[in-house]
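Okay, structure first, notes after.
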Amino acid sequence: MQVTYASRDEALKIVASKVEDVEVVLDLGPGICPQPFVKKPYVHLCVDAHRPYLERTKKEVADDPKYVFINSPWEQFVSMMPDKSVDSVFALDFIEHLEKPDGLKMMREAERVARRQIIVYTPHGFFPQTYDDPEKPDRWGMCGGHWQTHRSGWEFEDFSGWDIVCCPDFLDLDEDNQPLDPPMGAIWAIKNLSPQPEPRYYVMEDYSAWAHFKKTLEQGLPPAAFGGLRSVWNLILRAAGRQPDVPPEKRARQSGNHPA
């Protein structure tokens with residue numbers, strides 16, 4: 001277990017530097033704040049048991065098609081997911097709302113379905129927060145008090161083998177948004193599961209049938225064989241007075257958008 005202590009100003013930057021850019025993320029219990037670290041995933045699954053949170057987020061992201069909103073308890077949805085079906089799982093400000101055995105189960109299930117990383121954010125220790133009064137609104141003035149009650153506290157030892165970033169004074173407001181004296185610490189725990197696997201998607205600027213055929217050949221042939229085939233094809237194009245087929249990375253260097 002590696003622990004990095006950081007100030008309030010630096011903690012999120014350090015966490016961001018450790019989070020990998022991936023294609024498919026599973027965001028457990030995001031409330032109205034989906035994970036901000038992976039900027040442009042192709043698919044962003046948001047699973048929350050409280051429908052009003054999802055409805056508000058859906059409006060705020062203007063129906064961005066990369067978001068998929070699932071109104072379900074986390075365990076009901078995740079238990080149906082195939083192994084290694086997403087790249088990274090985020091549980092930000094979520095695990096403390098679960099009973100301790102359920103939180104540990106969530107981490108096991110996250111490791112089952114993720115290929116790359118698990119990222120958990122939680123107060124360091126138990127942060128008191130209860131909503132026993134059914135009329136009491138949650139922090140956002142919404143009726144999600146039941147889901148916002150804290151039921152467990154988490155320490156470094158609960159994340160053995162994880163990479164941890166800790167800010168000792170990150171939380172400075174209590175459950176009623178009043179100053180917290182002294183402030184309370186927060187931890188981000190990151191578990192790296194495997195080296196970068198093969199991508200799930202290939203983004204193509206050219207949508208033509210010929211471009212798809214070339215990409216199929218490139219994926220199916222050994223690099224040397226595909227390079228030889230490209231050379232022969234370029235000879236034919238030049239003989240016909242047409243521009244040769246230039247690889248994207250070489251085209252970028254020629255245009256000055258990529259270092260040589």
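The values are calculated or read from the model by the stated rules, or taken from the named source; none is laboratory data. Every value quoted in this text rests on a predicted model; they were computed, and no experiment measured them. Neighbour counts are summed over all protein chains in view; Cβ atoms, including those assigned to glycine, are modelled from backbone coordinates with ideal geometry. What goes into the accessible areas is simple: the full protein's heavy atoms, side chains included, and nothing from ligands, DNA or RNA. Shrake-Rupley method; radii C 1.70, N 1.55, O 1.52, S 1.80 Å.
Taking amide H as placed 1.01 Å from N in the peptide plane, the amide H of Asp174 sits under 5 Å from that of Leu180, each at least 5 places away or on another chain. If only the Cβ of Lys and Arg carry +1 and only the Cβ of Asp and Glu carry -1, the dipole of the chain around its Cα centre is close to 1980 debye.
Between rounded, prolate and oblate, where does segment 70-210 land on the alpha carbon gyration tensor, with a ≥ b ≥ c its root eigenvalues, rounded for a/c under 1.5, else prolate if a/b exceeds b/c? The shape class here is prolate.
Counting only residues at least eight positions apart within a chain, or on another chain, the lysines with an alpha carbon under 20 Å from that of Lys59 are Lys39, Lys40. Shape class for the chain, computed from the alpha carbon gyration tensor (a ≥ b ≥ c): prolate, with a/c not under 1.5 and a/b above b/c. When a/c is below 1.5 the answer is rounded, else prolate if a/b is larger than b/c, else oblate, so apply that to segment 41-121 with a ≥ b ≥ c taken from the square roots of the Cα gyration tensor eigenvalues. Oblate shape, in that a/c is at least 1.5 and b/c is the bigger or equal ratio. Taking all Cα pairs closer than 8 Å and separated by 6 or more residues, the relative contact order of the chain comes to 18 percent. Here is the list for segment 98-128: GluC sites (Glu not before Pro) lying in DSSP coil, each with at most 12 other C-beta atoms within 10 angstrom of its C-beta, are Glu99.
At a 1.4 Å probe, what is the % contribution of carbon and sulfur to the accessible area of segment 1-118? Using a 1.4 Å probe with all protein chains present, segment 1-118 comes out at 53 percent carbon and sulfur.
In the chain, a dipole from Cβ-located charges (positive for Lys and Arg, negative for Asp and Glu) runs towards its positive end, and of Gln178, Val19, Gln2 it is Val19 whose Cα lies farthest in that direction.
Exposed loop sites were defined as trypsin sites (Lys or Arg not before Pro) in DSSP loop states (anything but H, G, I, E or B) carrying at most 12 other C-beta atoms within 10 Å; in the chain the longest segment without such a site runs 40-241.
In the chain the longest region clear of chymotrypsin sites (Phe, Trp or Tyr not before Pro) that are loop-assigned by DSSP and have at most 16 other C-beta atoms within 10 Å covers 43-125. Projecting the Cα atoms of Leu237, Ile187, Ile119 onto the dipole axis of the chain, where Lys and Arg carry +1 and Asp and Glu carry -1 at the beta carbon, places Leu237 farthest toward the positive end.
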